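Everything on this sheet refers to the single structure shown next.
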Amino acid sequence: MTVDVLIDWLANLVDFPELAFILAVLICAIPAFLFIAVYALVAIYGELKISSFMQDKVGPMGQGPGLHAGKWGLLQPVADALKLLLKEDIIPASADTKLFILAPFIVFIGAFISFAALPFNQNLIIADMNIGVFYILAVSSLGVIGLIVAGWSSNNKWSLYGAMRSSAQIVSYEIPAALSIVVVIMLTGTLSMQGIIQHQDGLVWGILPNWIIFQNPFTFLAFFVFFISGVSECNRTPFDIPEAESELVAGTFTEYSGMRYAFFFLSEYANMFIVSGVAAVGFLGGWHSPIPGFLEAPGWGLFWFLFKVGMLIFVMMWFRWTFPRLRVDQLMNICWKVLLPMALLNIFGVGIWTVLAGR
Amino acid sequence: MSKNLSEVLLEKFPGSVIEMEEIPTDHIPLNGDKWFEIALFIRDEPDWKFDSLQCITGVDLGEENGLEVRYNLHSMVHSHKIEIRIPLNRDKPVVPSVEQVWRVGDWFEREVYDMYGITFKGHRDLRRILLPDDWEGWPLRKDYEEPATYHGIAVPKEKEGWE
Amino acid sequence: MGIVHGDEMVLNIGPQHPSTHGVLRLVVKTDGEIVSQIRPVIGYLHRCFEKHCENVSYDQVIPYTDRCDYIASMNNNFGFVIAVEEMMEITVPEKVEYIRVIMAELNRIASHLLALGAFGLDVGAFTPFLYMFRDRERILDLFEMTCGARLLYNYMWVGGLSHDLPVGFLEKAHEFLDYFEPKIKEYNDLLMYNKIFIERTSDVGVLPTDVAVNYGVTGPNLRGSGTKWDLRKNEPYSIYDRFNFEVPVGKGQMGTIGDCWDRYWVRTEEMKESVGIVRQALNELPVEGDVHEALPKKIRPPKGSIYKRTESPRGDLGFYIISDGSPSPSRVKLRSPAFTALSALSVIAEGWMMSDVIAILGSLDIVLGEIDR
């Protein structure tokens with residue numbers, strides 16, 4: 001389902017190419033938005049329950065169908081979302097109203113338009129651009145502008161702190177993340193998401209699937225560099241210093257409530273999906289089955305992709321409920337003194353390896 | 001213990017220890033004038049080494065007796081302790097501050113000031129600590145009367161309603 | 001282009017803030033992330049404890065002491081009653097002494113659990129906090145079984161206790177200790193030896209011994225600085241001289257002596273020692289004895305004054321009591337360990353980062369109820 005195909009098809013039906021373009025975009029965007037909303041509900045539920053089991057408690061039990069009001073509390077995220085929707089929309093008197101209203105949408109747009117280039121299976125991709133990876137890296141950094149705008153316009157010292165922290169953090173961590181993706185591009189020779197996945201077909205070392213993570217030791221390392229940077233870009237613990245509820249109250253989001261807060265929340269979860277998605281595509285074979293040739297149909301492709309993404313998101317949640325938070329300077333140290341040299345080393349190493357091993 | 005120390009203090013700082021008919025065994029009544037010097041002395045003198053100020057208590061001994069400040073000192077080195085009492089005039093209670101001798105005295109003295117209105121001469125930051133800055137009166141003095149209102153909020157006198 | 005000049009920003013941390021452990025307000029001057037000045041503002045929880053005490057009888061003071069350090073109410077009861085008992089020269093039955101020690105030590109464990117959990121929360125680790133609360137609940141269950149209350153016990157009375165131990169307490173207590181001891185290791189693995197936690201706390205907020213003594217810092221905070229000072233050992237009150245236990249002191253294992261990590265470590269070790277004390281006390285607890293036997297008909301201490309210190313989970317808890325021979329005390333002054341610990345905050349935390357200030361505050365384990373009284 002590429003958007004270009006849709007545009008061509010619609011252009012044959014209606015006479016105005018502009019209308020065809022708008023319709024095609026809408027047809028793609030609305031399901032994507034619904035997907036994010038549904039996924040966020042599932043992820044929030046997962047986070048609630050996973051954290052509960054890790055913390056030796058039961059988690060939400062009240063909401064949901066069935067006996068005893070549903071002991072799994074399946075409708076808890078729906079109730080949460082409804083609560084946020086119905087809450088009073090508070091805009092502080094001293095806030096910069098226009099920017100304050102705009103900020104959550106900027107953050108969300110950054111996360112939302114990245115979905116355009118994520119391949120869910122062999123066919124299910126909104127736009128299989130020939131610069132897909134580049135596109136995702138570029139637009140996903142839009143979010144940080146929204147965070148800065150949010151922190152600044154709230155006119156609150158905590159928000160400002162959070163904004164300064166998050167801008168420094170996200171901008172820094174984009175570098176090792178991007179450099180790790182360079183490794184993938186070097187090996188596959190393409191920037192197209194589908195192209196990268198198609199490259200990972202078959203076996204490597206005789207038994208392992210030909211995923212880029214397994215192709216040589218440097219790519220193995222690159223995956224972890226990318227994933228750690230990705231966790232940091234999502235502002236998740238142990239890198240959640242922009243929110244840091246015990247230090248900065250709620251950081252950037254201090255003054256936000258109701259629907260606007262929900263948008264930040266949604267963007268955070270959407271960002272987790274994107275980071276995990278790019279990691280899955282770039283290193284874990286995307287929609288390929290772990291056993292080559294086994295369950296490779298497009299339907300299963302969707303399953304494998306979501307499964308890999310889900311596992312990575314689970315790991316992020318696991319981090320969150322295990323680790324304490326790093327300090328700002330330590331965070332920067334890890335980025336510039338550990339991850340960045342490692343990312344550069346990986347590029348170098350993969351280059352050498354490719355020349356010597358000839359693949 | 002306290003007898004020995006009071007003898008030493010009398011020798012070193014004549015007139016500092018208040019003479020009493022019955023020499024007390026558990027504390028030393030001191031004259032406030034040289035308290036800062038005495039404090040430095042007993043903190044640093046190797047024989048005494050009162051390096052830890054445990055507590056400063058303000059006391060109101062009633063209409064005729066006036067106020068008093070009591071210091072409980074302790075030595076971590078020798079593991080001995082002493083109580084120093086400095087009686088003060090009710091109308092103009094002033095005592096030298098030992099905040100710079102034992103830093104813990106900073107907040108303790110502010111608290112005594114807060115509750116009794118005792119001025120610690122030489123304290124660098126003598127403000128109310130527990131009560132609001134604009135509170136009037138010294139609540140722990142025996143002759144204290146609660147104000148009828150505070151910022152327009154009535155202070156309930158009749159307890160029946162809420163007790 | 002002129003010189004880039006950073007203005008200092010004044011930031012109010014609290015009185016409503018997630019990690020000020022109550023209603024503390026810190027007015028901090030910050031230069032970016034660096035905190036250059038801290039001025040604690042206290043008194044938001046002032047409930048006129050000392051004024052109340054002058055107007056009620058001695059036994060009515062005890063519930064007020066509960067409300068001072070509400071995390072360790074048993075220890076506050078303990079401090080007050082033994083001060084009054086010493087004034088009145090009451091000897092309490094053996095059994096009462098043992099039960100008091102059991103309760104005080106169990107409460108010490110509960111208090112340390114909360115302190116450590118909240119410290120973890122301050123540096124961003126959420127899960128250990130809930131684990132520790134889970135186990136604290138079990139201690140509270142034991143207390144509930146004994147005196148019916150879970151937080152404010154009013155259990156220790158002048159001359160005795162409000163209730164004898166209930167049937168089945170000993171088994172439950174032993175069961176708890178057996179369950180709890182291995183859990184300490186679990187917490188240490190999860191939090192104390194976590195690399196990030198060590199990074200966050202070692203070498204941070206170093207409190208040197210001389211500064212600690214000068215600022216009147218006591219208890220685990222002083223021991224974290226390497227001074228072996230514990231009133232249970234150095235000035236044994238009640239029957240603490242009968243038990244075998246060690247006084248752990250900070251060794252600077254992960255950094256400098258007296259850093260936040262040492263204070264954390266000292267508290268975990270103290271929990272182990274407390275478990276040992278409770279075990280010994282449970283084993284030696286006399287079967288016979290009436291906890292109401294020595295309760296005086298009238299509590300009227302003779303004229304005089306007393307300053308009595310006990311070791312509460314936060315340090316030296318002193319009661320200065322003046323009696324004029326009437327049924328209500330003429331003056332009760334509570335020397336609170338958290339009060340002095342908080343006064344040392346500005347010395348050890350200035351110059352560190354915002355995040356560190358929160359961590360240092362957490363490591364000092366303050367309870368605002370006791371500071372503001």
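The values are calculated or read from the model by the stated rules, or taken from the named source; none is laboratory data. Note that the coordinates shown come from a computational prediction; the quantities given were computed from them, not determined experimentally. So basically every Cβ, Gly included, is an ideal-geometry build from the backbone, and we count neighbours across all protein chains shown. Accessible surface is based on the protein model in full, side chains and every heavy atom, while ligands, DNA and RNA are left aside. Shrake-Rupley method; radii C 1.70, N 1.55, O 1.52, S 1.80 Å.
How high is the FRET efficiency from residue A:13 to residue A:124, r the C-beta distance, R0 25 Å, rounded to 0.05?
So, using R0 = 25 Å, E works out to roughly 0.65.
Can you give the accessible area buried between chains B and C, summed over both chains, with a 1.4 Å probe, in Å² to the nearest 100?
3000
What total accessible area, in Å², is buried where chains C and A meet, using a 1.4 Å probe and rounding to the nearest 100?
Rounded to the nearest hundred, the buried surface is 2600 Å².
Got a number for carbon plus sulfur as a percent of chain C's accessible area, 1.4 Å probe?
Solvent-exposed carbon and sulfur of chain C make up 52 percent of the total.
I need to check one value: relative contact order of chain B, counting alpha carbon pairs closer than 8 Å and at least 6 residues apart, in percent.
Values: 265 pairs, mean separation 26.3, N = 163.
RCO, chain B: 16 percent.
Out of the total accessible area of region A:95-357 (probe 1.4 Å, heavy atoms of protein only), what percent is carbon and sulfur?
Summing carbon and sulfur atoms, their accessible area is 76 percent of the total for region A:95-357.
With a bin width of 20 angstrom, please list the P(r) values of chain A as percents of all Cα-Cα pairs, from the 0 bin to the one holding the largest distance.
For chain A, the pair-distance distribution reads 27, 57, 15, 0.
If one computes the Cα centroid of region C:98-151 and of region A:303-359, what distance in Å separates the two points?
The two parts, judged by their Cα centres, are 39 Å apart.
³J(HN,Hα) across region A:136-148 via Karplus (A = 6.51, B = -1.76, C = 1.60, θ = phi - 60°), whole Hz, x for Gly/Pro?
Once θ is set to phi - 60°, the couplings for region A:136-148 become 4, 4, 6, 6, 5, 8, 4, x, 5, 4, x, 5, 5 Hz.
Please work out the C-alpha center-to-center distance from region C:250-274 to region A:185-224 and express it in whole Å.
About 47 Å separates the Cα centre of region C:250-274 from the one of region A:185-224.
Using only Cα atoms and rounding to the nearest 10 degrees, what angle (0 to 90) does helix C:94-122 make with the longest principal axis of chain C?
Relative to chain C, helix C:94-122 is tipped by roughly 20 degrees.
With a 1.4 Å probe and every protein chain left in place, work out the accessible area per residue of region B:2-154 in Å², rounded to a whole number.
Ligands and nucleic acids excluded, the figure is 47 Å² per residue.
What size of dipole, in debye to the nearest 20, comes out for region A:96-255 about its Cα centre when the only charges are +1 on Lys and Arg C-beta atoms and -1 on Asp and Glu C-beta atoms?
Dipole about the Cα centre, nearest 20: 140 debye.
Using amide H atoms built in the peptide plane, which far-off residues or other-chain residues are under 5 Å from residue B:55 H to H?
So residue B:55 has HN proximity to B:72.
For region A:46-183, what is the accessible area per residue in Å², given a 1.4 Å probe and the full set of protein chains?
Using a 1.4 Å probe on heavy atoms only, each residue of region A:46-183 averages 46 Å².
Take residue C:185 and residue A:29, extend 7 Å from each Cα along the Cα→Cβ direction, and tell me the distance between the two endpoints in nm.
5.9
Only protein chains counted, 1.4 angstrom probe. Which residues of region B:128-146 are at least 30 Å² less accessible in the assembly than when their chain is isolated?
B:129, B:130, B:140, B:142
Solvent-accessible area per residue for chain C at a 1.4 Å probe radius, Å²? Don't jump to the answer; show the numbers that get you there.
Values: 12400 Å² over 373 residues.
Per-residue accessible area for chain C comes out at 33 Å².
What residues does region C:317-340 have that are buried by at least 10 Å² of accessible area in the full protein assembly compared to the chain on its own, 1.4 angstrom probe?
C:320, C:322, C:330, C:331, C:333, C:335, C:339, C:340
Taking the Cα centre of region C:89-217 as origin, work out the dipole magnitude from +1 charges on Lys and Arg Cβ and -1 charges on Asp and Glu Cβ, in debye rounded to 20.
280
Put B:57, C:256 in order of accessible area, largest first, 1.4 Å probe: what do you get?
Of B:57, C:256, the descending order of accessible area is C:256, B:57.
For region B:2-154, with equal point scatterers placed on the C-alpha atoms only and solvent neglected, what are the log10 I(q)/I(0) values from the Debye formula at q = 0.19 1/Å, to two decimals?
For the requested q values the scattering log ratios are -1.18.
Add -39500 (n - 2.57) for each DSSP H run of 4 or more in chain A, then divide by its residues: what number comes out at 222 nm, to the nearest 500 deg cm²/dmol?
One gets -21500 deg cm²/dmol as the mean residue ellipticity at 222 nm.
List, by residue number, every residue in region B:35-65 with a reduction of 40 Å² or greater in accessible area between the chain on its own and the complete protein assembly, 1.4 Å probe.
Checking the loss per residue gives B:54, B:55, B:57.
As I understand it, the dipole of the protein assembly as shown uses +1 on the Cβ of Lys and Arg and -1 on the Cβ of Asp and Glu, about the Cα centre. Which of C:205, B:46, C:73 lies farthest toward its positive end?
So the residue we want is C:205.
Counting only residues 5 or more places away or on other chains, whose amide H sits under 5 Å from the amide H of residue C:25 once H atoms are built in the peptide plane?
HN-HN under 5 Å from residue C:25: C:41.
Among the listed pairs A:98/A:157; B:49/C:272; B:81/C:272, give every one whose C-alpha distance is greater than 25 Å.
Over 25 Å Cα-Cα: B:49/C:272; B:81/C:272.
Would you mind estimating how fast the protein assembly as shown diffuses translationally, via Stokes-Einstein at 20 °C and 1.002 mPa s with the Kirkwood radius over Cα pairs, in µm²/s? List each step's numbers first, then the result.
Values: Rh = 31.1 Å.
Answer, rounded: 69 µm²/s.
What Kirkwood Rh does region C:1-125 have if only Cα atoms enter the pairwise 1/r average? Answer in Å.
About 18.2 Å for region C:1-125.
State the percentage of accessible surface on region B:2-154 attributable to carbon and sulfur atoms; use a 1.4 Å probe and exclude ligands, DNA and RNA.
Numbers: 3480 of 7240 Å².
The computed percentage sits at 48.
Each residue of region A:35-47 in order: what ³J(HN,Hα) in whole Hz does its phi give by Karplus 6.51 cos²θ - 1.76 cosθ + 1.60, θ = phi - 60°, with x for Gly and Pro?
4, 4, 4, 5, 4, 4, 4, 4, 5, 5, 4, x, 4
Using θ = phi - 60° and the Karplus form 6.51 cos²θ - 1.76 cosθ + 1.60, what ³J(HN,Hα) does each residue of region A:190-206 get, whole Hz, x for Gly and Pro?
9, 9, 6, 4, 5, x, 5, 5, 4, 5, 8, 7, x, 10, 9, 6, x
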